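Peer 1: Quick one: structure below, then a few questions.
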Amino acid sequence: MILAFLYHGIGDGKYSNTPLMIQNHLEYLSKNYNIVLPGERTNPFKINICLTFDDGLYGFYYYVFPLLKKLKIKVLLSIPIKYILEDTSLDPKSRLEVSYKDAFKKEVYSSSAPFCTWKELKEMVDSKFVCIASHSFNHIKLTDENLDLELEIAESKKILEKKLNTEVNTFVYPLGKFNEKIHKKVKENYKYAMRIGSAINFSWQNMNSITYRINSDNLLSENENVKLKKYISYLWFFFLNTFRKR
């Protein structure tokens, strides 16, 4: 069985965990669970954990990347290409102060560099502790009308692979939205697809060719998302998602 956990920012706010919480949490998981990436062989005798961070915010590079090297664990980082700058000379403090909500505003992301730069992403990829996934090009609902799905799905993969010289085999749905047509195109370009589903996984593909993720922002304790009582909910949502074919 696989539990894929979803994280966003590091700091304060709705879509974050504090630096201390994420440190204690990752230390706890690394000691007690088998940490895997999409497609890797899982341990049939243990709960396998896949750690996924969305959006490539600078706080990941500043807080999480050092922990990965220390704990010797790997995570999947999904990147919305539009928001990534080549490099920046801005100081860490000013970049970290940008809120999650403001980070996606054009006048903010282009001037305050709240996301990792291509230079920082390349450093993390080369370390082998960070695996890159596409999070589309523009980070918008793929079900919107008149959207260029070729750019969002296929071209985003090509750009990431060229810029970072790495294989990109996973697509993470932005905002969790898709339909049958979109999912078909994703499957044509990627081995694995992920969405928010609040469910456990019995394989990397399940019956719907998708891996479900569990929101793990705003943790209240280091083991909150692996407490025994949570598994009833995870199983329920697995069967619900499978039945609804999404």
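The values are calculated or read from the model by the stated rules, or taken from the named source; none is laboratory data. All values derive from a computational prediction rather than experimental measurement. When we count neighbours, we look across all protein chains shown, and the Cβ atoms used for this are built from the backbone with ideal geometry, even at glycine.
Yes/no matrix, rows are residues, columns are (1) more than 17 Å from Ser216 (Cα to Cα); (2) touching a residue at least 12 places away in the same chain (Cβ under 8 Å); (3) not polar (S, T, N, Q):
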{"residue": "Phe5", "(1), (2), (3)": "no, yes, yes"}
{"residue": "Gly11", "(1), (2), (3)": "no, yes, yes"}
{"residue": "Gln23", "(1), (2), (3)": "no, yes, no"}
{"residue": "Ile35", "(1), (2), (3)": "no, yes, yes"}
{"residue": "Pro38", "(1), (2), (3)": "yes, yes, yes"}
{"residue": "Asp54", "(1), (2), (3)": "no, yes, yes"}
{"residue": "Tyr61", "(1), (2), (3)": "yes, yes, yes"}
{"residue": "Val64", "(1), (2), (3)": "no, yes, yes"}
{"residue": "Ile73", "(1), (2), (3)": "yes, yes, yes"}
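Peer 1: Shifting gears a bit: For region 48-61, give me the residue count where each residue is touching a helix residue (DSSP H, G or I) at 6+ places or on another chain (Cβ under 6 Å) and closer than 17 Å to Val125 by Cβ.
Peer 2: Matching residues across region 48-61 total 3.
Peer 1: Another question, if that's okay. Being among the aliphatic types (A, V, I, L, M) and assigned to a loop (DSSP other than H, G, I, E, B) is the filter here; which residues of region 187-246 pass it?
Peer 2: Ala199, Ile200, Met207, Ile210, Leu219, Leu220, Leu228
Peer 1: I'd like to check which helices (runs of 4 or more DSSP H) are fully inside region 34-136 and have at least 1 residues that are surrounded by fewer than 23 Cβ atoms within 10 Å (Cβ to Cβ) and within 16 Å of the chain's Cα centre (by Cα). Outline the logic, then answer.
Peer 2: Working: elements: 65-71, 92-96, 100-103, 106-112, 118-127.
Here the list reads 65-71, 100-103, 118-127.
Peer 1: Report, by residue number, each residue of region 174-186 that is closer than 17 Å to Thr242 by Cα and either in a strand (DSSP E or B) or at pLDDT 90 or above (or both). Steps first, please.
Peer 2: Within region 174-186, the subset closer than 17 Å to Thr242 by Cα is 176-180, 183-184.
Once the filter is applied, which keeps residues that are closer than 17 Å to Thr242 by Cα and either in a strand (DSSP E or B) or at pLDDT 90 or above (or both), region 174-186 yields His183, Lys184.
Peer 1: Restricting attention to region 231-243, does a residue exist that is surrounded by 16 or more Cβ atoms within 10 Å (Cβ to Cβ) and at pLDDT below 90?
Peer 2: Checked against the condition, which is being surrounded by 16 or more Cβ atoms within 10 Å (Cβ to Cβ) and at pLDDT below 90, region 231-243 yields at least one hit.
Peer 1: Here's another thing I want to ask about it. State the number of residues belonging to region 110-144 that are more than 22 Å from Gly176 (Cα to Cα) and among the hydroxyl-bearing types (Ser, Thr, Tyr).
Peer 2: 5
Peer 1: Of all residues being polar (S, T, N, Q) and part of a helix (DSSP H, G or I) in region 11-33, which is nearest to Tyr83 (Cα to Cα)? Just the residue, please. Please lay out each step first, then the result.
Peer 2: Here is the first cut: in region 11-33, the residues polar (S, T, N, Q) are 16-18, 23-24, 30, 32.
If we keep only those that are part of a helix (DSSP H, G or I) as well, we get 23-24, 30, 32.
Numbers: Gln23: 26, Asn24: 29, Ser30: 31, Asn32: 35 Å.
Going through the qualifying residues, I end up with Gln23.
Peer 1: Now a separate question. Pairs only if they're at least six apart or on different chains, beta carbon under 6 angstrom, first in region 137-158 and part of a loop (DSSP other than H, G, I, E, B), second among the polar types (S, T, N, Q) and surrounded by 14 or more Cβ atoms within 10 Å (Cβ to Cβ); list them, first residue then second.
Peer 2: The qualifying pairs are Phe137/Ser156.
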